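So the structure is just underneath, and the comments pick up after that.
The values are calculated or read from the model by the stated rules, or taken from the named source; none is laboratory data. Just so we're clear, the structure is a prediction, and the values are computed from it rather than from any experiment. Please note: Cβ atoms are built from the backbone with ideal geometry, for glycine as well, and neighbour counts cover all protein chains shown. Remember, those area values only see protein heavy atoms, side chains included, never the ligands or the DNA or RNA. Shrake-Rupley method; radii C 1.70, N 1.55, O 1.52, S 1.80 Å.
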Amino acid sequence: NAGVTQTPKFQVLKTGQSMTLQCAQDMNHEYMSWYRQDPGMGLRLIHYSVGAGITDQGEVPNGYNVSRSTTEDFPLRLLSAAPSQTSVYFCASSYSALGQPQHFGDGTRLSIL
Amino acid sequence: EDQVTQSPEALRLQEGESSSLNCSYTVSGLRGLFWYRQDPGKGPEFLFTLYSAGEEKEKERLKATLTKKESFLHITAPKPEDSATYLCAVQGGGGGSNYKLTFGKGTLLTVNP
């Protein structure tokens, strides 16, 4: 099993550009989520999904969009990139939403110039 | 609102020198407390889940314990390969929790040979 796979690993964007961060898991997990990790801030939840077709906002959702058309995939879209979105983005999945450990990918390092 | 505070922020040990990391938390209705290890440039790697006060989990040189207010990660006779950032997270069951994990800022552990 590959676990949680994130692509790309690194990306540099200009302010105003849009892009999609990809996340795929092969564990048949129902719950998937996106976090951003910034120095001194800890990991913060952006969006999450409890199953295909169901998504909801987390702690810091502004400027990001998600969809979940399949159990395996949960892409994160930056609509119009801003320097404040420079961060490391992690996708995670778990068997269910409550009380289960979330398994993380290795992240996408994103710089917005 | 759920809160997690980890201490110390950084800890430097000699190989074989046992110590403990602390995770203090406040949460409405604990669904689970999770310990992760994060190596530079990688995503968090799941270590343990604890669900109720008094519970203990062990894995090699690591032992996690839980009380109603805090969790400890005990490291016995550490080796240089134990060097990493250790993250603590809680999931609460209170209203509006969004199923999210609330993370602490982590403890950076360095084990010198």
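Data overview
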{"read-out": "Any hit, the range B:1-15, residues being open to solvent by 40 Å² or more (accessible area, probe 1.4 Å), β-branched (Val, Ile, Thr) and in contact (Cβ under 8 Å) with a residue 40 or more places away in the chain", "value": "yes"}
{"read-out": "Complete set of residues in the range A:85-105 that are assigned to a loop (DSSP other than H, G, I, E, B), touching a residue at least 60 places away in the same chain (Cβ under 8 Å) and closer than 23 Å to A:SER18 by Cβ", "value": "A:GLY105"}
{"read-out": "Close pairs from the range A:1-13: first more than 10 Å from every other protein chain (Cβ to nearest Cβ) and among the small types (Gly, Ala, Ser), partner in a loop (DSSP other than H, G, I, E, B) and surrounded by 11 or more Cβ atoms within 10 Å (Cβ to Cβ), Cβ under 6 Å, at least 6 apart", "value": "A:ALA2/A:ASP26"}
{"read-out": "Residue selected from the range A:29-60 under the condition farther than 15 Å from B:LEU101 by Cα and not in a strand (DSSP E or B), by the criterion nearest to the other protein chains (Cβ to nearest Cβ)", "value": "A:GLY40"}
{"read-out": "Matching residues in the range B:1-25 - criterion: being closer than 17 Å to B:LYS79 by Cβ and part of a strand (DSSP E or B)", "value": "B:LEU11, B:ARG12, B:LEU13, B:GLN14, B:SER19, B:SER20, B:LEU21"}
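Quick grid of which residues meet (1) open to solvent by 40 Å² or more (accessible area, probe 1.4 Å); (2) closer than 30 Å to A:SER87 by Cα:
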| site | (1), (2) |
| --- | --- |
| B:ARG31 | yes, yes |
| B:GLY54 | yes, no |
| B:LYS63 | yes, no |
| B:LYS100 | no, yes |
